[in-house]
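A short worksheet on the structure shown next.
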Amino acid sequence: MLYIFGGLPATGKTELARFLSSMFGAVHIRVDTIEQTLKNSGVSDLYDEGYKVAYALALENLKNGIPVIADSTNPVAASREAWLNVARTAESSYIEIEVICSDQKIHRERVEKRLSDIPNLILPSWESVTSRKYQQWQSACIVLDTSSKTPEQSKQELNRLIVAHNEKKDGSL
């Protein structure tokens, strides 16, 4: 199974991705970690190289029967489609999960107060979060709004939504 996360920075994606990774014994592939490692290694002008490395790692793990959690902003339809192609190539099922924070005040506070857990990663400012290109997600199976929830409540909600999605999918066969 490929769990494809997306959403703006500071919505709670990584916290939820880590939760699912430990719950399912899945590989957690975080594009921020890959991109910063490439930068730390001297690659200065990144476009989509981090995503390409992530796709390759996900494909290899899925082909080995290991669930994968794909943790990235996934701001455009092209990156989302690429994740779907990884699942198709691996002949794996997938769930697209968009994490949002609908309360702008709470979201801004999260952006401005969070600390990086990746060495040398400079976190985006509120201005860069709100001005970045982020295309409307049309195909997300699950949309989780974390604005009025604690991290634990968001985890419980995500688990409930995944169970409901899987029951609906199994019931439609």
Could the peptides 119-129, 76-86 be put in order, highest first, of the mean number of other beta-carbon atoms found within 10 Å of their residues?
76-86, 119-129
Just to check I understand the Karplus step: with θ = phi - 60° and J = 6.51 cos²θ - 1.76 cosθ + 1.60, what whole-Hz values come out for the range 70-86, glycine and proline as x?
9, 10, 7, 5, 6, x, 10, 4, 4, 5, 5, 5, 4, 5, 5, 5, 4
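Treating the beta-carbon of each Lys and Arg as +1 and of each Asp and Glu as -1, no other charges, what is the dipole magnitude of the range 1-51 about its Cα centre, to the nearest 20 debye?
Details: 4 positive and 6 negative charges, 49 e Å.
Rounded to the nearest 20 debye, it is 240 debye.
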Shape of the range 1-103, Cα gyration tensor, a/c cut at 1.5
rounded
Which FRET efficiency value, to the nearest 0.05, is calculated for Leu57 and Val143 with the Förster distance at 22 angstrom and r the Cβ-Cβ distance?
0.30
Listed residues Asp103, Asp71, Asp117, most fluctuating in the chain (Gaussian network, C-alpha, under 10 Å)
Asp117
Cα centroid separation - the range 52-85 against the range 139-158, whole Å
21 Å
Can you give the helix-only mean residue ellipticity at 222 nm for the chain, where every DSSP H stretch with n ≥ 4 adds -39500 (n - 2.57) and the sum goes over all residues, rounded to the nearest 500 deg cm²/dmol?
-16000 deg cm²/dmol
Order these peptides, 34-46, 89-101, 135-147, 8-20, by their mean beta-carbon neighbour count within 10 angstrom, highest first.
8-20, 89-101, 135-147, 34-46
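Computed from the coordinates by the stated procedures, all read-outs in this text should not be read as laboratory data. All of these numbers come straight from a predicted model, not from anything done at the bench. Cβ coordinates were reconstructed from backbone atoms using ideal geometry, including for glycine residues, and neighbour counts include every protein chain displayed.
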